[in-house]
1. GLY158 - would you say it is in contact with a strand residue (DSSP E or B) (Cβ under 6 Å, 6 or more places away or on another chain), outside any helix (DSSP H, G or I) and either within 15 Å of ligand 2 (Cβ to nearest atom) or closer than 20 Å to GLY3 by Cβ (or both)?
2. I'd like to check something: does the stretch 56-64 contain any residue that is farther than 25 Å from VAL178 by Cβ and crowded, with 16+ Cβ neighbours inside 10 Å?
3. Tell me the residue from VAL194, VAL184, VAL227, VAL215 that is in contact with a Phe, Trp or Tyr (Cβ under 6 Å, 6 or more places away or on another chain) and among the aliphatic types (A, V, I, L, M), please.
4. Would you check if GLY105 is of a type in the set (Gly, Ala, Ser), within 19 Å of SER141 (Cα to Cα) and in a loop (DSSP other than H, G, I, E, B)?
5. How many of the residues in the stretch 122-143 are within 17 Å of ILE307 (Cα to Cα), open to solvent by 20 Å² or more (accessible area, probe 1.4 Å) and not charged (D, E, K, R)?
6. Within the stretch 58-87, work out how many residues are assigned to a loop (DSSP other than H, G, I, E, B), out of contact with any helix residue (DSSP H, G or I) (no Cβ under 6 Å at 6 or more places or on another chain) and within 16 Å of ligand 2 (Cβ to nearest atom).
7. Can you give me the number of residues within the stretch 260-300 that are crowded, with 17+ Cβ neighbours inside 10 Å, assigned to a helix (DSSP H, G or I) and either away from ligand 2 (no atom under 16 Å from the Cβ) or of a type in the set (Gly, Ala, Ser) (or both)?
8. If I go through the stretch 235-259 residue by residue, how many of them are in a loop (DSSP other than H, G, I, E, B) and either open to solvent by less than 10 Å² (accessible area, probe 1.4 Å) or closer than 14 Å to ARG289 by Cβ (or both)?
Amino acid sequence: MRGYGMHAVNQVGWIEKDKPQCGPLDAIVRPTIVAPCSSDTHVSHGGSGPHSELILGHEAVGVVEEVGALVQTIKPGDLVAVPCVTPDWLVSGVQNHKTFSHDVGPFGSFKLVGSKDGVMAEFCHVNQADANLALIPAGVSPEAALMTVDMASTGFYGAEMADIVLGDTVVVIGIGPVGLMSVVGAILRGAARVIAVGARPQTVAVARQYGASQVISYKDGPIDAQVLELTGGVDKVILAGGGPEAFLQGLNMLKAGGTLANVNFFDATDTLTFPALSWGLGMADKDIRGGFCPGGKVRIERLLALIEYGRFDPTQIISHRFQGFDALPEAFDLMDRKAPDLIKPIVHLV
Ligand code: NDP
Ligand code: ZN
């Protein structure tokens, strides 16, 4: 089969491989729409994951091609959302961790691209189909379903980790596709005032459409000072963009008792430091949390239900649509270059 991926670090291209084998609990899926992600480009430049002859892509919807002999609820021909995080539910680590994202160690459940070939291919392998694949309800478009498997799951997780309650004032730092979903997640959880931080007009416009009360730019001066001037201190901060500096600024914006929830990937070479005063001298009950996209079937089914019943529309983050398998390199390159008008590209493979 044909796939698009990395031959080696910084060398992307077409890859020929055998069709994956289906284990007794597993499924083989034929992806129909995929979305390149910033995490794929990180891996292609030497981020974590196998670094040679690896098919990239971890966000897909598709049609089930084949299921293993022990699979009970999924059958060939089903239209499914493939979560980007597919835990091995038989590993005890999954049952010990509340998000199921870390089965055999940190990020262990991030298997597509993380430890095996991804979804930018004619076929992809999904472990434990009954527990990992989500059927797409008739009222949800495949494009909307595609935006749940990583973008909405991760962005909403920022709002969940921040433990947003009715009436909170929330800052979302970074309004790429993940942060935009955090804006939506914060509002769904009952935030009153949501201040978004971003600079590009395209993302600012979508943040406003999604209900952000105000948008400020990190290019207009330190964002902690801007937010403190506007609010005097906020209840919750979701970090979905910016580097270590934004982490410190987020901490500075928090009132006593506030929570900073991070969904950013920091680089392994980054160091996170902050003055004791930023953390309320260690005594201001400021929580710092960080976590990885939750996955598995039930997580995605819950997000699909929110779409089905009209609670949100994730397709506003789709900025570029490509048609055909041969468009994969162009879509991937767009993500890699971070084109100025890019939010999220998708590729209809068929
Ligand atoms: P993008 O790069 O698309 O968006 C980043 C955002 O941060 C943009 O709005 C950008 O503004 C803003 N930004 C850049 N620099 C600063 C700064 N100094 N201060 C404040 N804001 C800044 O990223 P994604 O939405 O794709 O992903 C967001 C983060 O989430 C990334 O770190 C990504 O690796 C991570 N991620 C984590 C996952 C998880 O499971 N935990 C899953 C997927 C992604 P502008 O563009 O306007 O300049
Ligand atoms: Zn992703």
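The values are calculated or read from the model by the stated rules, or taken from the named source; none is laboratory data. The structure presented is a predicted model; accordingly, all values stated were derived computationally and were not measured. All Cβ positions, glycine included, derive from the backbone under ideal geometry; neighbour counts span all protein chains shown. Please note that ligands, DNA and RNA were not included when accessible areas were found on the heavy atoms of the full protein model with its side chains. Shrake-Rupley method; radii C 1.70, N 1.55, O 1.52, S 1.80 Å.
1. Working: in contact with a strand residue (DSSP E or B) (Cβ under 6 Å, 6 or more places away or on another chain): yes; outside any helix (DSSP H, G or I): no; either within 15 Å of ligand 2 (Cβ to nearest atom) or closer than 20 Å to GLY3 by Cβ (or both): yes.
No; evaluated as a whole, the condition is false for this residue.
2. Yes, the stretch 56-64 contains at least one residue that is farther than 25 Å from VAL178 by Cβ and crowded, with 16+ Cβ neighbours inside 10 Å.
3. Numbers: VAL194 fails: in contact with a Phe, Trp or Tyr (Cβ under 6 Å, 6 or more places away or on another chain); VAL227 fails: in contact with a Phe, Trp or Tyr (Cβ under 6 Å, 6 or more places away or on another chain); VAL215 fails: in contact with a Phe, Trp or Tyr (Cβ under 6 Å, 6 or more places away or on another chain).
Result of the check over VAL194, VAL184, VAL227, VAL215: VAL184.
4. On the way: of a type in the set (Gly, Ala, Ser): yes; within 19 Å of SER141 (Cα to Cα): no; in a loop (DSSP other than H, G, I, E, B): yes.
No: the conditions fail for GLY105.
5. Result for the stretch 122-143: 7.
6. Taking the stretch 58-87 first, the residues assigned to a loop (DSSP other than H, G, I, E, B) are 58-59, 68-78, 83-87.
Okay, now just the ones that are also out of contact with any helix residue (DSSP H, G or I) (no Cβ under 6 Å at 6 or more places or on another chain), so 58, 68-70, 75-78, 85.
After this cut, where a residue has to be within 16 Å of ligand 2 (Cβ to nearest atom) as well, the list is 58, 85.
Residues in the stretch 58-87 being assigned to a loop (DSSP other than H, G, I, E, B), out of contact with any helix residue (DSSP H, G or I) (no Cβ under 6 Å at 6 or more places or on another chain) and within 16 Å of ligand 2 (Cβ to nearest atom): 2 in total.
7. So the answer is 3.
8. Step one: list which residues in the stretch 235-259 are in a loop (DSSP other than H, G, I, E, B), which gives 240-243.
Within this subset, residues satisfying the condition of being either open to solvent by less than 10 Å² (accessible area, probe 1.4 Å) or closer than 14 Å to ARG289 by Cβ (or both) are 240.
Number satisfying all stated conditions: 1.
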